[in-house]
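Single-structure report; data block below.
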Amino acid sequence: MLPFKLVYHEGYDLRLGEHVFQSQKFKMVRDLLLAEHIAEPADILAPEPASDADILRVHTREWVDKLQHDRLSLSERMRLEILYSQAAVRGFWLAAGGSILAAQCALKDGFGINIGGGFHHAFPGHGEGFCMIHDVAVAIRRLQADGALRKALVVDTDVHQGNGTAAIFADDADVFTVSLHQENNYPEPKPPSDLDVNLDDGTGDEEYLDSLHKALADSFGRFAPEILFYIGGADPYREDQLGGLWLSMRGLQERDALVFAEARRRGLPVAVAFAGGYARKVEDTVRIHVNTVIAAREAPAARASGANP
């Protein structure tokens with residue numbers, strides 16, 4: 001049994017058919033965690049969809065109405081790059097509810113992992129890059145509204161820069177955003193995060209991990225969060241179809257372990273969302289996400305909250 005909770009709902013599968021975003025991966029991750037006895041059924045919680053009130057803490061009423069009533073323009077549909085459906089809309093509301101629940105679990109147990117989410121290309125008034133709703137931003141705003149926390153650090157290791165995250169929190173001194181990504185890749189332009197690490201094509205394990213270590217040290221030197229939201233994309237993998245970095249599976253697991261160890265050393269709870277992953281073999285993407293759960297399970301015990309770095 002895991003010492004923390006996983007969050008999953010069958011509605012996370014957006015049923016996109018033949019699409020590079022293979023959203024069936026979320027069910028495959030859940031199934032593999034159970035099959036390998038990494039997790040037990042009791043470790044997995046099912047979220048409720050986020051309320052409209054929670055979604056509106058981040059997104060505009062106009063955008064929410066367009067999504068709920070199928071009023072997207074052709075250009076808005078094309079920008080999403082996924083087929084619109086009511087099932088997809090429900091899937092994004094569920095992902096947001098899942099990230100809220102994972103964050104609440106993190107505050108209680110030290111970790112909470114949403115087997116889904118990480119839709120970091122969604123902006124307040126539009127969606128893009130397979131992302132309708134920014135679940136992590138919704139979770140942060142909900143926890144702030146509840147008085148559960150004030151200051152949050154977002155560490156994004158997806159191969160693509162978190163442009164929606166950067167835009168949403170651009171003028172917010174209580175949320176510090178970090179994005180470690182391939183420079184010559186989507187999106188373009190890239191609105192500035194608080195800290196952007198622009199990596200060259202073909203960056204491998206050693207250089208990547210060194211850059212991540214420096215970015216974390218810089219972030220903690222500039223900002224004192226109460227929680228770390230980790231967007232752990234599988235797409236820096238060397239076999240990813242939409243990425244151009246060159247990380248191995250072992251390098252990706254060391255990436256996760258490094259983030260988790262630095263958070264635990266500072267007594268910080270960690271809420272995880274999985275984000276992208278488009279390996280030529282979907283089983284590789286699934287394995288990378290499962291390894292993130294293993295890295296969390298093996299993370300060192302946390303210091304008391306408020307420990308000095």
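Specify the residue that is nearest to the chain's Cα centre (by Cα); the eligible residues are those in region 1-50 that are closer than 20 Å to GLY233 by Cβ and of a type in the set (Lys, Arg). Within region 1-50, the match that is nearest to the chain's Cα centre (by Cα) is LYS25.
Restricting region 117-138 to residues that are out of contact with any strand residue (DSSP E or B) (no Cβ under 7 Å at 6 or more places or on another chain) and among the small types (Gly, Ala, Ser), the residue that is farthest from ALA302 (Cα to Cα) is GLY125. All conditions in (1) surrounded by fewer than 24 Cβ atoms within 10 Å (Cβ to Cβ); (2) among the hydroxyl-bearing types (Ser, Thr, Tyr); (3) under 27 Å from ARG303 (Cα atoms) hold for TYR84, with the sole exception of (3).
If you filter region 2-12 down to residues that are farther than 22 Å from CYS131 by Cα and out of contact with any Cys (no Cβ under 7 Å at 6 or more places or on another chain), you find that the one that is surrounded by the most Cβ atoms within 10 Å (Cβ to Cβ) is LEU2.
The rows are residues; the columns are (1) closer than 19 Å to LYS214 by Cβ; (2) assigned to a loop (DSSP other than H, G, I, E, B); (3) in contact with a Ser or Thr (Cβ under 7 Å, 6 or more places away or on another chain).
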| position | (1), (2), (3) |
| --- | --- |
| VAL159 | yes, yes, no |
| ALA166 | no, no, yes |
| ASP171 | no, yes, no |
| ASN185 | no, yes, no |
| LYS190 | no, yes, no |
| ASP201 | no, yes, no |
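In region 216-270, what residues are among the charged types (D, E, K, R), under 23 Å from ARG287 (Cα atoms), out of contact with any Leu (no Cβ under 7 Å at 6 or more places or on another chain) and outside any loop (DSSP other than H, G, I, E, B)? Once the filter is applied, which keeps residues that are among the charged types (D, E, K, R), under 23 Å from ARG287 (Cα atoms), out of contact with any Leu (no Cβ under 7 Å at 6 or more places or on another chain) and outside any loop (DSSP other than H, G, I, E, B), region 216-270 yields ASP240, ARG250, ASP256.
Among residues of region 127-157 being free of Cβ contacts under 8 Å to residues at least 40 places away in the same chain and in a loop (DSSP other than H, G, I, E, B), the one that is surrounded by the most Cβ atoms within 10 Å (Cβ to Cβ) is ASP146. Residues in region 80-92 that are farther than 22 Å from GLY232 by Cβ and in a helix (DSSP H, G or I): LEU80, GLN86, ALA87, ALA88, VAL89, ARG90.
Of the residues making up region 190-202, just one is more than 22 Å from ALA122 (Cβ to Cβ) and either touching a Cys at 6+ places or on another chain (Cβ under 6 Å) or buried (at least 19 other Cβ atoms within 10 Å of the Cβ) (or both), namely LEU199. Residue count for region 94-118 under the criterion of being assigned to a helix (DSSP H, G or I) and of a type outside the set (Asp, Glu): the result is 15.
Values quoted throughout were computed directly from the atomic coordinates according to the rules given, and no laboratory measurement underlies them. Everything quoted here is computed from the prediction, not taken from an experiment. Glycine gets a Cβ as well: all are built from the backbone with ideal geometry, and neighbour counts include every protein chain shown.
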